[in-house]
Amino acid sequence: MKGGIQKVGVAGCGLMGSGIAEISAKAGMDVVVREIDASAVEAGRGRIESSLARAVKKEKITAEERDTILSKIRFVTAVEELADRDIVIEAIIEDLEIKNELFGKLDDLCGPETIFATNTSSLTVTDMAAAVDRSDRVVGLHFFNPVPVMKLVEVVRTIATSDEAFERTFEFARALGKEPITAKDNSGFVVNLLLVPYMLDAIRQLERGVASVEDIDAGMKLGCGHPMGPFTLCDFVGNDTTYRIAEIMYDEYREERYAPPPLLKRMVAMGRYGRKTGIGFYDYSGDQPVPVAV
């Protein structure tokens, strides 16, 4: 097996991409982050700087360590800047056509040894591997939000992924300080395959009048020991994101448990995405979240 991954490319510097870039630099790797324009670059840089500032404030790292981490990250807008990377991790919009367009460009630019990884949470990795000439070097590398905090990474291999590419990626995840698990290439992998139906079923029970938002959340926290209830989780993930993932999974499996409930569809139509819009199943405009009548 070839040496460990040292040169990391991250395509996309949103919530997930910025976290992936941060932990890669924190692990001592040389990181190039690509965004589509200067405005997106500055927003991504700001996310990383804010995250590191919080770590300094909590005394998890020193100011000197923060500066060292930032010095290892280069922000670019040209996709060509990813050409020399050992691995390129895609963390862009959850749209197969757009992802495949990016991987097609990278396939022409990167050397034959470069591994292509996708942070997709619901699309099948095979559909991306089939779009490039290096299907044996395409893997899923699914991180969880917030990336600097959550320990789990799902490492996904397709029927075409080589042992060498999979093993290098698995060891890369460990080098980032994560706990990787192996997942088969099916929509949702392990966690979302089980988690999404739970979230959708909570919405269905709310529709049926079983209990209120607040009581369902309290029941799952206090009765099952969950750190947050399903509606708090929906708002945290983003109701639009949950809806999109559910649609992809339902299209894959055609099972009712993956179908988005009507209430979720209406929440999304009204722009009630959760924390990022200030209102979802809860209203976040005050000091404490307040359940919203639905």
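Suppose we filter the range 151-186 for residues that are surrounded by fewer than 18 Cβ atoms within 10 Å (Cβ to Cβ) and either among the small types (Gly, Ala, Ser) or touching a residue at least 24 places away in the same chain (Cβ under 8 Å) (or both); how many remain?
Within the range 151-186, residues that are surrounded by fewer than 18 Cβ atoms within 10 Å (Cβ to Cβ) and either among the small types (Gly, Ala, Ser) or touching a residue at least 24 places away in the same chain (Cβ under 8 Å) (or both) number 15.
Mind checking whether some residue in the range 259-267 is farther than 17 Å from Gln205 by Cα and either surrounded by fewer than 21 Cβ atoms within 10 Å (Cβ to Cβ) or of a type in the set (A, V, I, L, M) (or both)?
Checked the range 259-267: no residue is farther than 17 Å from Gln205 by Cα and either surrounded by fewer than 21 Cβ atoms within 10 Å (Cβ to Cβ) or of a type in the set (A, V, I, L, M) (or both).
Considering only residues that are among the polar types (S, T, N, Q) and more than 19 Å from Cys13 (Cα to Cα), which ones fall in the range 85-121? Talk me through it step by step, then tell me what you get.
Filtering the range 85-121 down to residues among the polar types (S, T, N, Q) leaves 100, 114, 118-121.
Within the range 85-121, just Thr114 meets the criteria.
Could we say that Arg266 is within 16 Å of Val292 (Cα to Cα) and within 21 Å of the chain's Cα centre (by Cα) here?
Details: within 16 Å of Val292 (Cα to Cα): yes; within 21 Å of the chain's Cα centre (by Cα): no.
No, not satisfied.
Taking the range 201-226 as the region of interest, how many residues are touching a Phe, Trp or Tyr at 6+ places or on another chain (Cβ under 7 Å) and touching a residue at least 24 places away in the same chain (Cβ under 8 Å)?
The initial filter retains those residues of the range 201-226 that are touching a Phe, Trp or Tyr at 6+ places or on another chain (Cβ under 7 Å), namely 202, 213, 216-217.
Keeping just the survivors that are touching a residue at least 24 places away in the same chain (Cβ under 8 Å) gives 202, 213.
Looking only at that region, the number is 2.
If Asn119 passes every condition in (1) surrounded by 19 or more Cβ atoms within 10 Å (Cβ to Cβ); (2) at positive phi but one, which one does it miss?
Every condition holds for Asn119 apart from (2).
Looking at Leu200, Leu194, can you tell me which residue is closer than 30 Å to Asp95 by Cβ and surrounded by fewer than 16 Cβ atoms within 10 Å (Cβ to Cβ)? Explain how you work it out, then say what you get.
Values: Leu200 fails: surrounded by fewer than 16 Cβ atoms within 10 Å (Cβ to Cβ).
Residue meeting the stated conditions: Leu194.
Any idea which of (1) among the hydroxyl-bearing types (Ser, Thr, Tyr); (2) out of contact with any helix residue (DSSP H, G or I) (no Cβ under 6 Å at 6 or more places or on another chain); (3) more than 19 Å from Val149 (Cα to Cα) is the one Thr120 doesn't satisfy?
So the condition that Thr120 fails would be (3).
Suppose we filter Leu123, Leu109 for residues that are outside the structural domain of Leu233 (by TED's automatic domain parsing), touching an Asp or Glu at 6+ places or on another chain (Cβ under 8 Å) and at pLDDT below 95; which single one remains? Give the derivation first.
On the way: Leu109 fails: at pLDDT below 95.
After ruling out the rest, the residue left standing is Leu123.
Could you give every pair whose Cβ atoms fall below 9 Å, whose first residue belongs to the range 15-27 and is among the basic types (Lys, Arg), and whose second residue is in a loop (DSSP other than H, G, I, E, B), counting only separations of at least 6 or pairs across chains?
If the second residue must be in a loop (DSSP other than H, G, I, E, B), the pairs left are Lys26/Ile61; Lys26/Lys72; Lys26/Pro148; Lys26/Leu176; Lys26/Gly177.
Give the residues of the range 268-294 that are in contact with a Pro (Cβ under 8 Å, 6 or more places away or on another chain) and either surrounded by fewer than 14 Cβ atoms within 10 Å (Cβ to Cβ) or among the hydrophobic types (A, V, I, L, M, F, W, C) (or both), sorted by residue number.
In the first step, residues of the range 268-294 are kept if they are in contact with a Pro (Cβ under 8 Å, 6 or more places away or on another chain); the result is 281-283.
Within the range 268-294, Phe281 is the sole residue that qualifies.
The values are calculated or read from the model by the stated rules, or taken from the named source; none is laboratory data. Since the structure is predicted, the reported quantities are computational estimates derived from the model, not experimental observations. Cβ atoms come from the backbone with ideal geometry, glycine included; neighbour counts cover every protein chain shown.
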